[in-house]
Amino acid sequence: SRKRVKESVPDDSGLDWQDLYLSGELGGVKVPQLKSYLRSVGAPLSGTKAVLVDRVTELVKQSLASTKTDEAGA
């Protein structure tokens with residue numbers, strides 16, 4: 001079986017993911033919005049809502065860490 005390469009698409013959820021992460025409110029986001037973010041970064045969309053929230057949390061955490069690293073190097 002061939003694995004399809006997931007293409008990144010723009011996140012059309014309209015949410016500020018970093019703000020939601022920092023305020024601890026990712027758990028209140030609906031599954032379609034979580035999937036929209038995950039789709040935009042090419043991450044897997046499978047799993048329960050808790051799995052999706054964990055996945056988004058990790059990705060946003062990594063994004064924040066790389067942003068801080070970029071700022072420190074500038």
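The values are calculated or read from the model by the stated rules, or taken from the named source; none is laboratory data. Every value quoted in this text rests on a predicted model; they were computed, and no experiment measured them. When we count neighbours, we look across all protein chains shown, and the Cβ atoms used for this are built from the backbone with ideal geometry, even at glycine. These area figures cover heavy atoms from the full protein model, side chains too; ligands, DNA and RNA do not enter into them. Shrake-Rupley method; radii C 1.70, N 1.55, O 1.52, S 1.80 Å.
Here are some notes:
- Protection proxy ranking of 28-40, 10-22 - average other beta-carbon atoms within 10 Å, highest first: 28-40, 10-22
- The chain, helix-only ellipticity at 222 nm - DSSP H runs n ≥ 4, -39,500 (n - 2.57), divided by all residues, nearest 500: -18000 deg cm²/dmol
- The chain, dipole about Cα centre (Lys/Arg Cβ +1, Asp/Glu Cβ -1), debye to the nearest 20: 600
- Solvent-accessible area of the chain (1.4 angstrom probe, protein heavy atoms only): carbon and sulfur portion equals 52 percent.
- Surface accessible to a 1.4 Å probe, per residue, for the residues of the chain, Å²: 72
- Amide H within-cut-off set for G47, under 5 Å, with H built and near neighbours excluded: none
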